Every structure is written in C-alpha cells, then in structure tokens.
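Q: Below is the structure I would like to discuss, written out as structure tokens.
Nothing in this text is a laboratory measurement; each read-out follows from the coordinates by a stated rule. None of these values were measured; they are calculated from a predicted model. Cβ: placed from backbone, ideal geometry, glycine included. Neighbour counts: every protein chain shown.
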Amino acid sequence: MRAELLAAIPEFDLITDVDLRERTIRTWELAMQEGGWTLEDLARMPFTLLINPCPVNFIEHTRAVAQIAIEVARVFAHLYGDRVPVDMDILISGGILRDVGKLVEYEEREVGVFVQTEAGKLLRHPFTGMELAARCGLPAAVQHIIATHASEGDKVQRTTEATIVNHADFISFHAVQRLAEGKLLVSSFSAESR
Ligand SMILES: [Fe+2]
C-alpha cells in the first residue's frame, strides 16, 4: 500500500526531512484507513462536491495544488531570494495534506455517488484534516496550512506557505468551476461514465 501511495502521489518524496515525510505519509494513510478508502476509490472521487460533474479527481487535484505551490515558491526564490523565505518541506507537506480531511468528510453512498457525511457537515475537512495531522505529530506550521487553506482561514493571518497553498488550491478550483458553470466539460469519471 505504501509503495502504491508513493507511486500515485510522488510529491511525498519531494519532502526532504525524513521525519516530516514519514508523518505526512502516515497522516494520509490514517485518513484512508478511517474513511475506508482505497487508492482506486480516490482516483474516482471528485476533488470537490461543489462541481458536479467534476472532471478532476482527488489525487489529480492534490498533485496539482502541490505542484502549483512548488512552482510559486521557485519563482519567489528566483526573484526575491531570502527576502521572502519559503520552507519548501512545510509547503509540500501542507500542499499534499490540505484536503486530507475530505477522506472523513465524504462518503460514497452508492457506487459513484459521493456525499458529505453528517459529521462532515459539522466539521469540514480543514478541521478534520488538522486533527488527523496533529495525531500524526505534524508541526503547527503544517497544521496551520490545513486549517487555513479554505474560507475557514480567511480571518487568520496566514503564513507565506499557507498563503501559497490557499491560492494554489483556488487556482485549480476556480479554473475547473468555471468550466462546469459554462458547461464546457467534455468528460467525467463520475457515475455517468462508469
Ligand atoms: Fe479544501
């Protein structure tokens, strides 16, 4: 399972600190275990329930956000240097984990039908994701990214890493949402196409 996870999300391996990488992977594994998901399930799961049908799955969106965040940090390093420091390990860990709480927020009620659980309505994934990360001993800087990546964090003074992840997430979300609103979607992995 560990090898399959790292193959599905190779961005885990970009975390250079061995302990942080291990805790990041363990948080993901714990979330999959608690939600009862397989990797195949996550490749079918829409990354959001707010766009239906959603042409991007949970794994793809996770990877896209992590990669967008990394690219932003590279631009900062290139143009701003040490004046705007970014902790790449914290950024990548938070970029991968910011939505991990969805694995306990969502359930597949019937094949291809993904819904929010009753508990998920009360505690959305910024809360449950932070709790999972805390249980796995991730540092406050990563918990902060998870807790503040969505609108729940709009009144919080975000760190540079959390700011980058917040925007990276919405770059992907808004681009896909716009396609859906314009009904320009050409394919879907949702129940219709199964
Ligand atoms: Fe999110």
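Q: Looking only at residues in the stretch 11-20 that are part of a helix (DSSP H, G or I) and either in contact with a Ser or Thr (Cβ under 7 Å, 6 or more places away or on another chain) or touching a residue at least 40 places away in the same chain (Cβ under 8 Å) (or both), which one is surrounded by the fewest Cβ atoms within 10 Å (Cβ to Cβ)?
A: So, considering only residues that are part of a helix (DSSP H, G or I) and either in contact with a Ser or Thr (Cβ under 7 Å, 6 or more places away or on another chain) or touching a residue at least 40 places away in the same chain (Cβ under 8 Å) (or both), the one surrounded by the fewest Cβ atoms within 10 Å (Cβ to Cβ) is LEU14.
Q: Specify the residue that is farthest from VAL111 (Cα to Cα); the eligible residues are those in the stretch 36-77 that are assigned to a helix (DSSP H, G or I) and of a type in the set (Phe, Trp, Tyr).
A: Taking the candidates together, the pick is PHE76.
Q: Quick one: count up the residues across the stretch 147-174 that are away from the ligand (no atom under 15 Å from the Cβ) and not β-branched (Val, Ile, Thr).
A: The qualifying residues number 3.
Q: Which condition from (1) polar (S, T, N, Q); (2) buried (at least 16 other Cβ atoms within 10 Å of the Cβ); (3) closer than 20 Å to ALA31 by Cα is the one that THR117 breaks?
A: So THR117 meets the others, but not (2).
Q: Restricting the stretch 101-121 to residues that are within 14 Å of the ligand (Cβ to nearest atom) and in a helix (DSSP H, G or I), which is farthest from the chain's Cα centre (by Cα)?
A: GLY120
Q: OK, next. In the stretch 78-100, what residues are away from the ligand (no atom under 16 Å from the Cβ), of a type in the set (Lys, Arg) and either closer than 18 Å to ILE171 by Cβ or assigned to a strand (DSSP E or B) (or both)?
A: Within the stretch 78-100, no residue meets the criteria.
Q: Go through the stretch 135-157 and report how many residues are surrounded by fewer than 18 Cβ atoms within 10 Å (Cβ to Cβ) and touching a Gly at 6+ places or on another chain (Cβ under 9 Å).
A: Matching residues across the stretch 135-157 total 1.
Q: Could you grab me the full set of residues in the stretch 122-146 that are under 19 Å from GLY36 (Cβ atoms), within 15 Å of the ligand (Cβ to nearest atom) and either assigned to a helix (DSSP H, G or I) or among the β-branched types (Val, Ile, Thr) (or both)?
A: Result: HIS125, THR128, GLY129, GLU131, LEU132.
Q: Looking at the stretch 68-77, which of its residues are closer than 20 Å to LEU6 by Cβ and within 16 Å of the ligand (Cβ to nearest atom)?
A: Of everything in the stretch 68-77, just one residue is closer than 20 Å to LEU6 by Cβ and within 16 Å of the ligand (Cβ to nearest atom), namely ALA69.
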